[in-house]
Amino acid sequence: MGGKKHRKMEPYYRLAKKMGYRARSAFKLKQLNDRYALLRRGNIVLDLGAAPGGWLQVAGEIVGERGFVLGVDIQPIEELPLPQLRTIIGDILDPSTTTLISEKLPRKADVILSDASPKITGVWDVDHARSIELAEAAIAIADRVLAPNGRMLVKVFQGRTFEEFLRKFKRRFLFTKISKPHASRKGSAEVYVIGIGHRT
Ligand SMILES: C[S@@+](CC[C@H](N)C(=O)[O-])C[C@H]1O[C@@H](n2cnc3c(N)ncnc32)[C@H](O)[C@@H]1O
């Protein structure tokens, strides 16, 4: 999709600016949350691939001051003003990041979000494979730090091994849904996979 000029014409880009969100992707989380009630007041939330922080802002507003949201990214995230938001720099493909995450969480997470994306090469198979690698890393983290009965939302670029990923994901949850929110660009390969009722 087009360059800077095109982005600025885009309604969600303008709305994000107007509402003070750092990324237009904030609206994807809002729309998915309206549909699936993933985030609730007082929840402990882990957000993987969280920079620049649009989802952190949305999650922080919903969980409120009695909740807690930990954002993880390989890139630093500029500080956010809500006290319930914390961030760490970490590579979710590196297993030692899971140890760091569990040290920072006050208890197991009620919700894990992952909007992590690889750097796009434009080669469908490569981008798909890297996206699946990140989504599988998110599952491995959930195996360690998602509470029983917890909820999960993971972005995946569709492709050859999507069904295989889905089978792994489904084994871990009572209910699984696949969704493409309105704020997700029509031509993009991304879909969001939602898991409700984490089995442990
Ligand atoms: C689409 S952005 C996330 C946008 C975010 N949800 C928001 O609303 O601001 C994807 C992020 O995934 C991060 N990412 C990619 N690979 C990662 C990895 N191995 N570990 C942690 N973060 C990663 C990127 O640095 C990037 O910031």
* Asked: How many residues does region 111-129 contain that are in contact with a helix residue (DSSP H, G or I) (Cβ under 9 Å, 6 or more places away or on another chain) and either at pLDDT 95 or above or more than 13 Å from the ligand (Cβ to nearest atom) (or both)?
  -> 11
* If you check every pair at least six apart or on different chains, which have Cβ atoms under 9 Å apart with a residue in region 18-42 that is within 30 Å of Leu174 (Cβ to Cβ) and touching a residue at least 60 places away in the same chain (Cβ under 8 Å) first and a residue that is part of a helix (DSSP H, G or I) and of a type in the set (Ser, Thr, Tyr) second? -> Ser25/Tyr12; Phe27/Tyr12; Lys28/Tyr12
* Within region 40-66, how many residues are assigned to a loop (DSSP other than H, G, I, E, B) and open to solvent by 10 Å² or more (accessible area, probe 1.4 Å)? -> 9
* Determine which single condition Val72 fails, assuming it passes every other condition in (1) open to solvent by 80 Å² or more (accessible area, probe 1.4 Å); (2) more than 17 Å from Phe169 (Cα to Cα); (3) near the ligand (Cβ under 10 Å from one of its atoms). => (1)
* From the options Ile132, Ile77, Ile101, Ile89, residue that is within 13 Å of the ligand (Cβ to nearest atom) and open to solvent by 70 Å² or more (accessible area, probe 1.4 Å) -> Ile89
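The values are calculated or read from the model by the stated rules, or taken from the named source; none is laboratory data. Owing to the predicted nature of the structure, the values given are computational and were not obtained by experimental measurement. Positions of Cβ are generated from backbone atoms using ideal geometry, with glycine treated the same way; all protein chains shown enter the neighbour counts. All accessible areas refer to the heavy atoms of the entire protein, side chains included, with ligands and DNA or RNA removed. Shrake-Rupley method; radii C 1.70, N 1.55, O 1.52, S 1.80 Å.
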